[in-house]
Structures are given as C-alpha cells and as structure tokens.
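Student: There's a structure below that I have some questions on.
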C-alpha cells in the first residue's frame with residue numbers, strides 16, 4: 001500500500017473526524033475538549049467490547065444498546081502512555097483534518113478544543129451512508145450520548161470495565 | 001607410699017607449722033586447737049571440710065606443702081565446700097585448679113586427683129558387699145585415709161570407724177584391696193555382673209510374658225506351624241487354580257470371551273473416531289476464526305477505501321505543519337500535488353491497491369470457507385459412523401451382561417464355594433504367619449536369655465576364681481597379725497591379755513587379741529593400745545610390701561585414754577616408744593603426727609608445736 005506524504009491513514013483520520021463531528025452536533029456544540037478525552041473516546045470506539053461493558057455500567061438501556069450490534073474485533077490497537085491509552089497518530093490525524101479545514105482546533109485555558117466544520121460534517125455524513133462506516137458512526141453517537149465525561153472519569157470507567165488495562169506497562173500495546 | 005606433710009599455714013593467722021619426717025607431736029592442754037590442727041592436716045589430704053570448730057570460721061583457707069613419694073606439691077585449700085571454691089595445686093611451674101566435694105562438680109575433684117598421685121585405683125564397689133549386683137559406690141582417698149587416722153572420738157572405741165555402717169563397708173573394702181582379697185579385676189567383674197543381671201531380669205520378665213501368651217494359644221511348636229502353613233499354602237494355590245480354570249472353561253463354552261473381545265475392539269474404535277472428530281472440530285474452529293479475521297480486514301480495507309476517496313477531494317487550506325493559510329489558486333493545478341507540487345494521481349493508485357488487496361482477501365475467505373464446508377461434511381460423516389459404532393457396542397455390551405449374569409447364576413454355588421474356601425484359607429495363612437513370627441520371636445528371646453545366663457555363670461565363676469586365690473592375702477594378713485603382736489608385746493599392756501594371740505577376723509577384718517574382740521576389751525587404755533598397735537602394724541606391713549596405703553598416721557589424744565587416776569606413765573611411754581620405733585624403722589618411712597596433752601618427757605624433742613590457753617592454734621581475734 002503506497003504511503004502518501006503526510007496523509008495519515010485515512011481510516012484513522014475518518015474515525016477521529018466521526019468522533020469530533022458527533023460531539024460537535026450536541027446542542028451546546030462544545031466539541032471535544034482536551035487531547036486526553038479524545039484519546040479515551042477513540043480507545044472506546046476502537047475497542048468495542050470495552051465500550052459495551054462501559055455502557056452497561058453507565059446503565060444504558062438495553063433497547064438502545066441492542067439497536068445496532070456494535071460488537072466486533074479491535075479496530076486497531078493503542079499503546080499505554082502515562083495514565084491511559086494513546087496513539088501518536090492522533091496528532092497527525094488532527095493536523096491533517098485541521099489543514100484540510102474539516103475541523104477547528106483552538107487552544108483554550110481548558111486545553112485544545114476540537115469542533116467539526118461544516119465541511120467536516122459533510123464528509124462524515126457522506127461516509128456514514130456507507131455500510132462500512134455505519135457501525136463506527138453509531139459507536140461515536142453512543143459515546144456522545146452516554147460518555148461525554150472528563151478524561152479522568154473515562155479512564156476510571158475503562159479500568160472498571162477491563163482491569164487488565166491498568167496492568168499494561170507504559171509504551172506497551174493494549 | 002611415702003607420705004609427708006611438711007608445712008601447713010593457716011591464712012589470716014601467723015600459724016605456719018612445720019613438720020619433720022617421722023614422729024611429730026603437737027602438745028597443749030585441752031581446747032587449744034590440737035584436734036583442729038589434725039583435722040586441717042587431713043583436709044589438706046582430701047578430707048571434707050567438716051567437724052571444724054567455730055574458731056576456724058575466721059580462717060579462709062590453708063596452705064600446705066605435701067609430699068607423696070617423690071612428688072612435692074603445694075595445695076591451697078579454701079575452708080568452704082561450695083561449688084565455686086576451687087582448690088589450687090601447684091608444683092614447679094605447674095598449676096592446677098580442681099573442684100572440691102560440692103556439687104555440681106566443676107571438673108576433676110581434688111580427691112580424685114590425689115588417688116592418681118598415690119597410684120591408687122579408681123574403683124566402684126557394690127554398696128552391699130554380699131550382693132555383687134547392688135548399686136556401686138566409689139572408693140575415695142578419704143576411705144584410704146581412714147587407715148591413717150585415729151581421731152580422739154574413736155581412738156578408744158572404734159577401729160577405723162567400724163561402728164559406722166557405711167564407713168565400715170568402705171573400711172572392709174580398703175582392707176581387702178590392700179591385702180589382695182579384692183582387686184580392680186574383681187570390681188570390673190562385679191560391674192559386669194550387675195549389668196548382666198539387670199539384662200537378665202528384663203529378659204526374664206519379657207520371656208515370662210511371651211510364654212504366658214504363647215501357652216494359651218493353640219499353635220503348637222514352630223515346626224508344627226511351618227508344616228501347617230506349607231500345607232495350607234499348597235491347598236490355597238490349588239483352589240485358586242481351580243477357580244480360574246472353571247471360569248475360563250465356562251466362559252469359552254458360553255461365548256462370553258468372544259463377546260468381551262468384540263466389545264473391547266469396538267471401544268478402541270470409538271476412541272479412534274472421537275480422536276479424528278476432535279481434530280476436525282478443532283480445525284473448523286481455527287478456520288472460523290480465520291474467516292472472521294479476514295472479513296474484519298476486508299471491512300477495514302473498505303473503510304480505508306471510502307475514507308481515502310472522501311479525503312482525496314479535500315484540498316489543504318492551511319499548512320499542516322505550521323498552520324499558515326495556503327493560497328490554493330496560485331500554487332498548482334489539479335494534476336499536481338498541492339503540497340509537494342509533484343505530478344501524481346495517488347488516489348487511484350492507492351485505491352487500486354486497496355481493491356486488489358480486498359480481492360485477494362475475499363479469495364482467501366472463499367477458499368477457507370470451501371475448506372470448512374468440506375471439513376464439516378467429513379465431520380458429519382464421522383459423527384454418523386460414530387453413532388453406528390456406539391450403538392453396536394452398546395448392543396454387544398448388553399448381550400455380554402446377559403450372558404455373564406446367566407453364567408454366574410449357573411455356576412454360582414461353585415464359584416461362591418471356591419471363593420469362600422479361598423478366603424478362609426487366606427485368613428488361616430495370615431494367622432499362621434503371625435503365629436510363626438511370634439514363635440520365632442519367642443525362640444530368639446529364649447536363646448538370648450540362655451546366653452545371658454551363661455554369661456552370668458561365667459562371670460560368677462570368674463569372680464570365684466579371683467576370690468579363691470587367697471594365698472598372697474593370707475600371707476599378708478599373717479604378717480599384719482605378727483607385726484601387731486610384736487608391737488603389742490613391746491607395749492606394757494596388762495598381763496592377762498595374751499598378745500601373742502593376735503587374729504585379724506577374716507570376715508570383719510577387725511583385730512582380736514587373746515581371743516577377745518575389740519568390743520570386749522573393756523579397758524579404754526587397752527583399746528587405745530590395741531588400736532594404736534593395729535594402725536602401726538598396718539603402716540609397717542603396707543609400707544614394707546608396697547601395698548599403696550599412704551604412709552602417714554594422725555593420732556589424736558592417745559594418753560587421754562589412760563585417765564588421770566591410776567595413770568601409768570610407763571604404759572604411755574611404751575606406747576610412744578612403739579610409735580617412734582615405727583617412724584624410725586628405715587624400711588617403713590612413715591610420718592606420724594600425734595596430738596596430746598600429756599607427753600612423756602623423753603619425747604619432748606619431738607614436739608613441733610606447743611599450744612597453751614594464751615597461745616591457741618587460732619587466736620581469739622581471728623576466730624571472733
């Protein structure tokens with residue numbers, strides 16, 4: 001597969017865009033605040049079984065959970081860094097999305113705030129129509145509806161759902 | 001053995017008394033310390049610290065220069081007998097610390113060491129002389145020193161403490177040792193006899209118990225048990241053989257053997273089929289997992305393709321590195337890359353690559369699924385076959401059970417009978433084996449007992465032999481009698497006493513003079529004379545014959561027995577002359593120390609220490 005110059009993996013970029021776009025669609029349109037929150041949310045979307053356990057602990061209704069089968073294999077692995085899951089590609093994804101005008105990234109006192117632009121929303125809506133992206137889009141929406149929490153709280157929920165995560169050593173794959 | 005005390009010094013006083021070889025006299029009125037001095041001298045030779053008067057309380061220790069044979073040494077002897085106080089012995093450049101008689105003993109005791117210095121044997125003797133097996137008691141230097149001392153409380157009434165039961169036993173042993181009636185060999189034999197009799201007593205008890213049990217049992221002798229056991233074992237073997245033979249023959253006849261063989265064959269086949277099926281099922285699981293993973297890859301590729309397609313139309317509005325705006329219109333056309341300005345149409349290439357990869361994976365999925373289908377068919381076939389084989393096996397097993405049941409019912413009585421007979425025989429065999437073991441144990445114990453009895457008899461014979469050889473001892477005792485008679489004849493004893501007739505009782509070893517035992521010598525003066533003559537005779541004989549008795553004699557108050565009324569100075573002088581004669585006999589070499597308050601004039605030059613009311617042995621200021 002040819003690697004294009006500074007075109008980070010399109011799939012990863014799309015997944016991050018889905019998340020940012022979903023959170024930007026909330027009534028207060030706050031987007032995703034902070035890198036750490038973005039990493040945790042991406043972890044949940046990439047590790048569907050962990051996401052299902054977390055959602056059950058968050059008392060999601062069975063009807064909503066079973067509306068779409070979001071289970072599956074791990075999309076792609078992340079590594080443990082400091083206090084939680086991390087992927088260095090996130091910086092390239094967001095840089096590329098920002099450069100392409102698909103997201104806005106502003107630095108505030110709370111940290112980096114990511115919001116989708118109208119062009120970014122257009123792209124996600126276009127991709128969501130494909131069967132391949134239907135499940136992942138649904139995961140992003142569930143994250144928006146039930147997991148719009150602080151990075152710290154998301155970390156606690158992840159470990160609660162899968163204590164093995166806490167045993168992984170730094171820079172090792174989860 | 002030549003023995004001498006050359007000097008004795010009392011600590012905390014100025015008393016430093018020197019003695020000469022031969023006769024030494026300590027003169028002084030009563031209660032001036034003469035007897036105390038003799039006791040202190042005996043303490044220097046290993047006596048226990050007792051019998052000392054209160055005036056001695058202020059004396060911490062004594063120091064004495066002693067001589068035994070050619071060995072000269074100095075002893076520092078504390079006048080307490082607590083375990084902490086050690087006795088120091090020194091000679092030339094040597095020094096030795098020895099324990100006293102207080103327990104717990106801290107190393108070798110002074111009294112034991114002195115035995116070695118005198119060359120006397122260390123012997124344990126039976127505490128009851130008539131019972132060789134009685135508990136042993138050691139002979140110490142103090143027991144030998146009994147023959148070297150006539151204390152004032154005994155000189156007129158006892159011969160070397162003979163009226164004290166325990167001391168009398170020791171006195172007699174010392175006599176026997178000195179005069180060859182007893183020896184270290186006899187002591188060893190007695191010790192062995194004690195041991196053997198103890199073992200015999202234990203064996204006797206054990207044997208009695210074993211015999212009591214054995215007699216009550218109906219087993220008979222060991223030989224009878226062995227014979228019965230052989231017979232039973234042969235019978236048991238025959239019964240077991242008959243049982244197997246009956247079963248095999250019947251099985252063959254009824255077809256049970258064949259059925260059993262068939263069932264076993266089918267069991268084996270079922271096991272094989274299960275194994276094969278297991279392999280197929282494991283393979284199917286692996287393939288299912290592979291297909292799942294391949295499909296997941298396909299999905300990922302699809303997503304990658306769609307995403308690439310979606311992002312491919314996006315033109316960068318900002319530099320992805322620094323964030324500056326990009327003026328898209330002037331940089332390049334749509335045929336060139338907006339960032340690197342190179343001609344390319346990478347999206348199609350990468351999209352094509354994605355599609356190729358997808359196709360390849362799809363093909364792999366197809367192949368895997370086809371393989372799974374074939375494998376599943378084979379597995380189905382195996383399951384069907386397994387079902388058939390299992391059904392056949394179950395049917396044969398049922399037939400076998402039926403046949404075995406009927407076989408058992410036909411032969412039930414015979415089989416049960418054989419089994420019961422076998423069980424009875426095995427039980428009997430087990431009982432007889434235990435009986436045999438017990439019988440052998442009894443035999444062994446009996447044998448051991450017989451051996452011990454034999455050993456005991458052998459030791460008793462040996463003891464009898466050792467004791468029967470009285471030749472030398474009789475000679476020595478006769479010498480003693482003659483010497484005593486000779487000494488007495490030179491003393492001015494009363495004429496009614498026939499001093500030619502001196503006899504040492506061969507049982508009590510006490511002197512009898514003129515047919516009279518010691519207790520029958522009514523006059524105290526006479527008992528003193530006899531006692532002194534007896535003690536001197538022992539010294540003469542033992543020193544001349546080298547029998548080991550320490551060549552020193554302490555005599556306390558010989559003249560006191562003569563009384564004041566009717567005091568016969570000539571008799572006293574005659575006694576002193578005999579003492580001096582013995583001391584000056586060059587063949588004897590004995591030192592005698594006499595404490596007396598009345599000394600014949602001719603003997604004043606033998607006085608080594610004169611005490612008085614104003615010059616006691618221990619001044620009042622020291623005694624407190």
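Bear in mind that the values in this text are calculations on the coordinates, not laboratory data. Everything numeric here is computed off the predicted structure, so don't read it as measured data. A quick note on method: Cβ atoms are made from the backbone with ideal geometry, for glycine too, and the neighbour counts reach across all protein chains shown.
Student: Exposure proxy check: B:81, B:93, B:168, A:69 ranked by fewest other beta carbons within 10 Å?
Tutor: Fewest-to-most Cβ neighbours within 10 Å comes out as B:93, A:69, B:81, B:168.
Student: Once the Cα atoms of the stretch B:4-80 are picked out, what are the Rg and Dmax in Å?
Tutor: Radius of gyration, then largest Cα-Cα span, for the stretch B:4-80: 12.2, 36 Å.
Student: From the P(r) of chain A, could you give the percentage of C-alpha pairs in the tail past 28 Å?
Tutor: Tail fraction, whole percent: 18.
Student: Between the stretch B:226-252 and the stretch B:367-401, what is the separation of their alpha carbon centroids in Å?
Tutor: 46
Student: List the relative contact order of the stretch B:1-117 as a percent without decimals, with contacts defined as Cα pairs under 8 Å and 6+ residues apart.
Tutor: Computed value for the stretch B:1-117: 22 percent relative contact order.
Student: Can you tell me which of A:83-89, B:143-149 comes out highest on packing, and rank the rest after it, using the mean Cβ neighbours within 10 Å?
Tutor: With the highest mean Cβ count within 10 Å placed first, the list reads B:143-149, A:83-89.
Student: Still on this structure, please answer the following. With an 8 Å Cα cut-off and a minimum separation of 6 or more residues, compute the relative contact order for chain B in percent.
Tutor: It rounds to 27 percent for chain B.
Student: To continue, here is another question. For the stretch B:480-624, just the Cα set please: Rg and Dmax, both in angstrom.
Tutor: Considering the stretch B:480-624 through its Cα atoms, Rg and Dmax are 16.5, 53 Å.
Student: Here is a follow-up. Over the whole of B:312-323, what's the average partner chain Cβ count within 10 Å per residue? Rounded to a whole number, please.
Tutor: For this peptide, the per-residue mean of nearby foreign Cβ atoms is 5.
Student: Per the Debye formula with a single identical scatterer at each Cα and no solvent contribution, what log10 I(q)/I(0) holds for the protein assembly as shown at q = 0.05, 0.07 Å⁻¹?
Tutor: So the normalised log intensities work out to -0.65, -0.72.
Student: Over the whole of A:64-75, what's the average partner chain Cβ count within 10 Å per residue? Rounded to a whole number, please.
Tutor: Average neighbour count from other chains, rounded to a whole number: 1.
Student: While we're looking at this one, here's another question. How much of the DSSP beta bridge set in chain B is antiparallel, as a percent to the nearest 5?
Tutor: Of those bridges, close to 70 percent are antiparallel.
Student: Taking the mean number of other Cβ atoms within 10 Å as a proxy for protection, how do you rank B:108-116, A:56-64 from highest to lowest?
Tutor: Ranked by mean Cβ neighbours within 10 Å, highest first: B:108-116, A:56-64.
Student: Right, another one. Give me the orientation-averaged projected area of the Cα convex hull of chain B, in nm², one decimal.
Tutor: Projected area, direction-averaged: 72.9 nm².
Student: Let me ask you something else. Which whole-number percent gives the relative contact order of chain A, counting Cα pairs below 8 Å spaced six or more residues apart?
Tutor: Dividing the mean separation by the residue count of chain A yields 35 percent.
Student: What is the gain in length, in nm to one decimal, between residue B:615 and residue B:445 on full extension, counting 0.36 nm per residue of separation less the C-alpha to C-alpha distance?
Tutor: My answer for the length gained is 53.7 nm.
Student: Which percent of the Cα-Cα distances in the stretch B:372-505 go past 20 Å?
Tutor: Summing the P(r) tail past 20 Å for the stretch B:372-505 gives 80 percent.
Student: Can you say what percent of the DSSP beta bridges in the protein assembly as shown, counting only those with both residues inside, are antiparallel? Round to 5.
Tutor: Expressed as a percentage, antiparallel bridges in the protein assembly as shown total about 75.
Student: Within the stretch B:116-140, which residues have the backbone N less than 11 Å from the label spot 7 Å out from residue B:94 along Cα→beta-carbon, could you tell me?
Tutor: The answer is B:117.
Student: Counting other beta carbons within 10 Å of each residue's own, what order do B:34, A:169 fall into, fewest first?
Tutor: In increasing order of surrounding Cβ atoms, one gets A:169, B:34.
Student: If I model a spin label at residue B:413 and residue A:168 as a point 7 Å from the Cα along the Cα→Cβ vector, what separation in nanometres do I get?
Tutor: 8.3
Student: Can you order the peptides B:207-213, A:112-118 by their average number of other Cβ atoms within 10 Å per residue, highest first?
Tutor: A:112-118, B:207-213
Student: What ranking do A:11, B:613 get, fewest neighbouring Cβ atoms within 10 angstrom at the top?
Tutor: The most exposed by this proxy come first: B:613, A:11.
Student: P(r) of the stretch B:95-248 in 5 Å steps, Cα pairs, percent per bin?
Tutor: 2, 7, 10, 11, 10, 10, 7, 5, 4, 4, 4, 4, 4, 4, 3, 3, 2, 2, 1, 0, 0, 0
Student: On to the next question. Shielding of B:296-309 by partners, i.e. mean partner chain Cβ atoms within 10 Å per residue?
Tutor: Mean shielding count: 6.
Student: Still on this structure, please answer the following. Per residue, what volume in Å³ does the convex hull of the Cα atoms of the stretch B:199-246 enclose?
Tutor: Value for the stretch B:199-246: 96 Å³ per residue.
Student: Can you grab the distance from the C-alpha centre of the stretch A:75-109 to the C-alpha centre of the stretch B:116-180, Å, no decimals?
Tutor: Going from one Cα centre to the other spans 113 Å.
Student: Out of all Cα-Cα pairs in the stretch B:215-327, roughly what percent, to the nearest whole number, are more than 22 Å apart?
Tutor: The answer is 76 percent, as a whole percent.
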